[in-house]
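Inspection log for the structure reproduced underneath, given as structure tokens.
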Amino acid sequence: QVQLVESGGGLVQAGGSLRLSCAASGRIFSINTMAWYRQAPGKQRELVAAITSGGNTNYADSVKGRFTISRTDAKNTVYLQMNSLAPEDTAVYYCRADAKQVAWSAFYEYWGQGTQVTVSS
């Protein structure tokens, strides 16, 4: 099994910054795409940012220029640097990793438990 553990969430004032981390552990052969999603109360979960194993990234329009996704493959970890935070960024942030546990298997999605980010105005 593959486990994802997020950290770095918390309460911050508008205009502030936070850095989220998500570490994957367990039996891992390789990880393809890693991504961050968020879900605000009463809203659907949405993609925030994603990064492929080759380093290609994509971002939701609402966070472009403010958030940066990166990864350290040696640590099976993905990061989300969030700057210029606004109250509308308040949500539970989840990480996702597309991983395979053995060379001959398909990639499967694994999710973390989520970390709360609250931005006060």
**Message:** If I filter region 82-121 down to residues being of a type in the set (A, V, I, L, M) and outside any strand (DSSP E or B), which single residue comes out as surrounded by the most Cβ atoms within 10 Å (Cβ to Cβ)?
**Reply:** LEU85
**Complete:** For region 47-63 the number of residues that are assigned to a loop (DSSP other than H, G, I, E, B) and within 14 Å of VAL78 (Cα to Cα) is 5
**Prompt:** Of everything in region 2-46 that's free of Cβ contacts under 8 Å to residues at least 60 places away in the same chain and outside any strand (DSSP E or B), which residue is farthest from TYR93 (Cα to Cα)?
**Reply:** GLY42
**Asked** Listed residues TYR79, TYR59, TYR37; which is aromatic (Phe, Trp, Tyr), in contact with a strand residue (DSSP E or B) (Cβ under 7 Å, 6 or more places away or on another chain), over 19 Å from GLN1 (Cβ atoms) and open to solvent by 50 Å² or more (accessible area, probe 1.4 Å)?
**Response** TYR59
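Please find, within region 1-34, the residue that is nearest to LEU80 (Cα to Cα) out of those that are open to solvent by 70 Å² or more (accessible area, probe 1.4 Å) and aliphatic (A, V, I, L, M).
Among them, the one singled out is VAL5.
The values are calculated or read from the model by the stated rules, or taken from the named source; none is laboratory data. Owing to the predicted nature of the structure, the values given are computational and were not obtained by experimental measurement. Here the Cβ is made from the backbone with ideal geometry for all residues, glycine too, and neighbour counts use every protein chain on show. Just so you know, the surface numbers come from the protein's heavy atoms only, side chains and all, with ligands and any DNA or RNA stripped out. Shrake-Rupley method; radii C 1.70, N 1.55, O 1.52, S 1.80 Å.
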